[in-house]
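Supplied in structure tokens, the structure appears directly below.
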Amino acid sequence: MDDNLPIKQRLYIQFGKHDALIYTSNLDVAKTWERVLRRADLPILYSQGFNTRPRIALASALPLGISSECEILDVSMREPIAIEGLADRIQATSPGGLRIYNIYEVPPRSASLTPRVRSSEYRIHFEDTIDMVNLQARVDKLLGSDTLNKQKEVKGKQVDVNVRSLVYDLRIDSNGDLLAHLAVGDRGNVRPQEILTEMGLGDAVVSMHRYQLHIDPD
């Protein structure tokens, strides 16, 4: 954060993306939040300069088509406001599919949120019947491998990068859903769809949900 800007209060808004909103891009979600906060008439701090922007930042980009309950918006205020009743106030100006779960205050000079995000946990639900024994065999094969290659652009060329170390955990829960704990952020990114493709399940009909973000302490 810029020390020259008079940040009087920092809020983290934990929210979820559901319904049609899961097909909205990260950039458009940020724009949606600008409108929501403006309609809620909150004392948002704006950047200085010719093209002023609200001082808000999303913790982590969420791939299209994935619902969530753990997204976080970092909001800087030019004056303090009460937390009590604020979630209802913001929810009242929010579009369908945007759900507010929690709002809490953090120190105004806290480190930026986005670089502190380290990993995400996803629930992958198979919409069609799937052989659990076969699925477990695919999980075991991936976890037993030292290699998981991902295409990445380096100096204008597409090269294979081994991202196996960025898959922290992969298991099947009691409901038959696949739970994936994957790296996100500065250390690298692995998407759940890439895991399915590696397992030979890229064409499976699934619904995905991000239920936890892991963030380094300030």
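We did not get these values from a lab; they are worked out from the coordinates using the rules stated. Everything numeric in this text was worked out from a predicted model, so none of it was measured. Using ideal geometry, Cβ is built from the backbone for each residue, glycine included, and neighbour counts are taken over all protein chains shown.
Averaged over every viewing direction, what's the projected area of the C-alpha convex hull for the range 117-215? Give it in nm², one decimal, please. Intermediate values should be presented prior to the final figure.
Details: hull surface 26.9 nm².
Seen from a random direction, the Cα hull of the range 117-215 projects 6.7 nm² on average.
Per 5 Å bin, what percent of the C-alpha pairs of the range 19-122 does each bin hold, from zero upward?
Binned Cα distances yield the sequence 2, 10, 21, 26, 21, 14, 5, 0, 0.
Please give the helix 26-39 orientation as an angle from the longest Cα principal axis of the chain, in degrees from 0 to 90, rounded to the nearest 10.
30
I've got another one for you. Length gain on complete extension for the stretch His214 to Thr129, per 0.36 nm per residue less the alpha carbon to alpha carbon distance? It would help to have the intermediate numbers written out before the result.
Details: separation 85, 0.36 × 85 = 30.60 nm, distance 3.11 nm.
Net length gain for the segment: 27.5 nm.
Show me 136-143, 66-73 ranked by packing, highest mean number of other Cβ atoms within 10 Å first.
Details: 136-143: 14.1, 66-73: 20.2.
Order by mean packing, descending: 66-73, 136-143.
Return the long-range amide H neighbours of Ile72 (sequence gap of 5 or more, or a different chain), with a cut-off of under 5 Å between placed amide H atoms.
Amide H to amide H, under 5 Å and 5 or more residues apart or across chains, Ile72 pairs with Phe15, Ala59, Ser60.
Could you list the residues of the range 106-136 with an amide nitrogen less than 16 Å from a label point located 7 Å from the Cα of Ile81 in the Cα-to-C-beta direction?
It comes to 106, nothing else.
Starting from the amide H of Val190, placed 1.01 Å from N in the peptide plane, find each other amide H under 5 Å away whose residue is 5 or more places distant or on another chain.
Ala183
Another one. For the chain, what relative contact order do you get, as a whole percent, if you take Cα pairs closer than 8 Å and at least 6 residues apart? Kindly include the intermediate steps, with their values, before the conclusion.
Details: 401 pairs, mean separation 56.8, N = 218.
Across the chain, relative contact order equals 26 percent.
Quick check: the angle from helix 132-144's long axis to the longest principal axis of the chain, C-alpha only, nearest 10 degrees?
Tilt relative to the chain: about 80 degrees.
Just one of (i) 41; (ii) 32; (iii) 27 is percent of Cα pairs over 27 Å apart as worked out from the coordinates here. Which one is it?
Label of the calculated value: (i).
Fully extended, how many nm does the chain gain between Lys8 and Asp186 (0.36 nm per residue separation, minus their Cα-Cα distance)? Spell out each step's value before the answer.
Working: separation 178, 0.36 × 178 = 64.08 nm, distance 2.85 nm.
Using 0.36 nm per residue and subtracting the Cα-Cα distance, I get 61.2 nm.
Now for a different question. Give the relative contact order (percent, whole number) for the range 9-110; include only Cα pairs under 8 Å separated by 6+ residues.
Details: 176 pairs, mean separation 51.6, N = 102.
Result for the range 9-110 is 51 percent.
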